[in-house]
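Novice: Sending over a structure as structure tokens; questions will come in a sec.
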Amino acid sequence: MDANFEDHSKLPELKLDAKQSQGFLSFFKTLPNDSRAIRLFDRGDYYTAHGENATFIAKTYYRTTTALRQLGSGSNGLSSVSVSKNMFETIARDLLLERTDHTLEIYEGSGSSWRLVKSGTPGNLCSFEDVLFANNEMQDTPVVVALLPNFQENGCTVGLGYVDLTKRVLGLTEFIDDSHFTNVESALVALGCKECLLPLESGKTSEIRTLHDALSRCGVMLTERKKTEFKMRDLVQDLSRLVKGSIEPVRDLVVGFEFAPGALGALLSYAELLADESNYGNYSIQRYSLTAV
């Protein structure tokens with residue numbers, strides 16, 4: 001990080017009049033709490049971060065809290081920090097390529113009117129590829145995995161789906177795992193997974209904690225989604241739009257599993273693959289083999 005250290009005394013200064021400041025502070029208070037989200041606000045030639053995000057950026061990337069400024073006054077004041085375009089690239093690369101504990105959001109607007117225009121996670125870099133790989137060849141591409149565990153007295157059957165958003169590959173498999181989730185760990189490592197989706201409240205507290213621990217050991221970001229997203233309904237129809245070639249082999253592959261299709265369905269929803277028509281007919285799908293690990 002030191003090579004990218006920036007003189008905070010030369011940072012662009014956020015200049016807002018009283019009305020603009022109050023408008024932004026009002027908007028900022030409406031944002032949902034998300035301890036993992038780093039939110040940057042596009043100010044044209046630079047960005048700003050605020051609140052706990054500002055403190056995190058000042059300490060992590062500027063290595064000093066003297067880079068912080070106060071927006072507003074008194075009890076309504078908000079810690080703020082400016083981020084140059086160069087530092088933005090450093091932060092984006094660190095958060096999305098090196099770490100697995102934060103997401104990144106970019107907002108555009110003014111006054112009290114702002115909207116989310118870009119969001120990225122360690123497993124979904126699509127919105128930031130122009131920044132992350134502007135001067136570098138993309139090497140290993142991140143993979144997002146979804147797991148649908150079915151806990152039983154004698155073990156756990158795990159449905160696994162994954163998507164490589166850069167290579168446009170979908171995969172799925174299903175397997176019985178032990179109490180330490182050894183097979184899950186092997187698959188996550190072999191796939192190069194950076195982010196894993198799990199349904200909320202998908203089992204007993206002790207069982208889920210063990211699965212969470214397995215993800216943590218692999219350096220994978222956990223993203224919990226509603227159980228209703230892990231569904232097989234309409235999956236074959238959705239895949240017929242995404243996957244090139246005949247749909248019959250795809251249908252045969254999907255119906256051969258009980259839980260994996262639900263995991264794959266959650267991924268299609270999370271990655272919003274059907275919302276981008278450039279994906280249509282450009283994906284391939286395959287059965288993932290644990291023996292290849």
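Novice: Look at Val144 and say whether it is among the β-branched types (Val, Ile, Thr), surrounded by 20 or more Cβ atoms within 10 Å (Cβ to Cβ), part of a strand (DSSP E or B) and touching a Lys or Arg at 6+ places or on another chain (Cβ under 9 Å).
Specialist: yes
Novice: Filter the range 1-23 for residues that are over 12 Å from Ser80 (Cα atoms) and either modelled with pLDDT of 95 or more or assigned to a helix (DSSP H, G or I) (or both) and give the result.
Specialist: Hits for the range 1-23 are Asp2, Ala3, Asn4, His8, Ser9, Lys10, Ala18, Lys19, Gln20, Gln22, Gly23.
Novice: So which pairs qualify, if the first residue must be in the range 46-73 and under 23 Å from Glu98 (Cβ atoms), the second must be among the charged types (D, E, K, R) and assigned to a helix (DSSP H, G or I), the Cβ gap must be under 7 Å, and the two must be at least 6 apart or on different chains?
Specialist: Partner pairs satisfying both residue conditions: Tyr46/Lys85; Thr65/Lys59.
Novice: Just one of Ser80, Ser26, Ser75 is surrounded by 20 or more Cβ atoms within 10 Å (Cβ to Cβ), over 19 Å from Arg93 (Cα atoms), in the same structural domain as Leu104 (by TED's automatic domain parsing) and not basic (Lys, Arg); which is it?
Specialist: Going through Ser80, Ser26, Ser75 in turn, the sole match is Ser80.
Novice: Kindly establish whether Arg225 is farther than 20 Å from Val169 by Cβ, surrounded by fewer than 12 Cβ atoms within 10 Å (Cβ to Cβ) and not aliphatic (A, V, I, L, M).
Specialist: When the stated conditions are applied, Arg225 does not pass them.
Novice: Can you tell me which of (1) under 29 Å from Gly120 (Cβ atoms); (2) exposed (fewer than 15 other Cβ atoms within 10 Å of the Cβ); (3) modelled with pLDDT of 95 or more; (4) touching a Ser or Thr at 6+ places or on another chain (Cβ under 8 Å) is the one Gln286 doesn't meet?
Specialist: (4)
Novice: So which residues in the range 221-234 are over 10 Å from the mean Cα position of the chain (by Cα) and either at pLDDT 95 or above or closer than 13 Å to Tyr270 by Cβ (or both), if there are any at all?
Specialist: Across the range 221-234, the qualifying residues are Glu224, Arg225, Lys226, Thr228, Glu229, Phe230, Lys231.
Novice: Just for the range 7-38: of the residues that are among the polar types (S, T, N, Q) and under 24 Å from Thr64 (Cα atoms), which one is farthest from the chain's Cα centre (by Cα)?
Specialist: Applying the filter and picking the extreme gives Ser9.
The values are calculated or read from the model by the stated rules, or taken from the named source; none is laboratory data. Just so it is clear, the structure is predicted and the values come from calculations on it, not from any experiment. Counting neighbours? That spans all protein chains shown, and the Cβs are built from the backbone with ideal geometry, glycine included.
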